[in-house]
Amino acid sequence: MLPAGDPAKAARDLTSDPTARRADVRVGSATDGLTPISVAERRLGAGWPQWLSLAAVALAAVGADQLTKAIVSSQLQLNESVHVVGPFSIRHVQNSGIAFGLFASATSFVILLTAAAVAWMLYFFARSGSRHPVLPVALGLVIGGSVSNLVDRVRLGHVTDFLDFKYWPAFNLADSFIVIGVAILLLALVSDDRKSARPPRVREAARS
């Protein structure tokens, strides 16, 4: 604010006095003309569209896995198999462990581990669900597959596996959804990190 009195004299006093306090006016950037004064940050937390997409994918994964397990359990006896093509066959087996037969003798531990993993994924999605457009699909597949197998372990004490490629432990659709979801998630995050690591000029050239 200028001192009271003659405006012209007050302006001269401010100009001639090196100790006078001057206003630091910044328009659009800092005094170096490069550093922005404020930065608008995009919120990464999941909104309703992301949550609905996640729920739709997860429910579809659970439904497909439960349906195929019910069909195999009703049509084939335990350890009975039907050859399909090459090394692939449909074989009815039971697994009390996690994917591909791991930890088969630790059902309680697997249940706790799966529940903790699902809780962590939901927490991660709540904080970063809008970071990348494929996150609802990727985490939906992982959560859906995990929940479907978790329901079977709690209800039956085991899960039904039936996809047998002879040289690999038998697995089910839920296991496949988990692997596919993790692969999509890793590819999306790596791609996002590479884009953000590029210099601005490189990013502009890539867009053009």
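Data table
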read-out: Protection proxy ranking, peptides 81-87, 160-166, average beta carbon neighbours within 10 Å, highest first; value: 160-166, 81-87
read-out: Förster radius 35 Å - calculated FRET efficiency between LEU78 and SER128 (Cβ-Cβ, nearest 0.05); value: 0.25
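Only the coordinates and a few stated rules stand behind these numbers; no lab work does. This structure is a prediction, so every number in the text was calculated from the model and none was measured. Cβ atoms come from the backbone with ideal geometry, glycine included; neighbour counts cover every protein chain shown.
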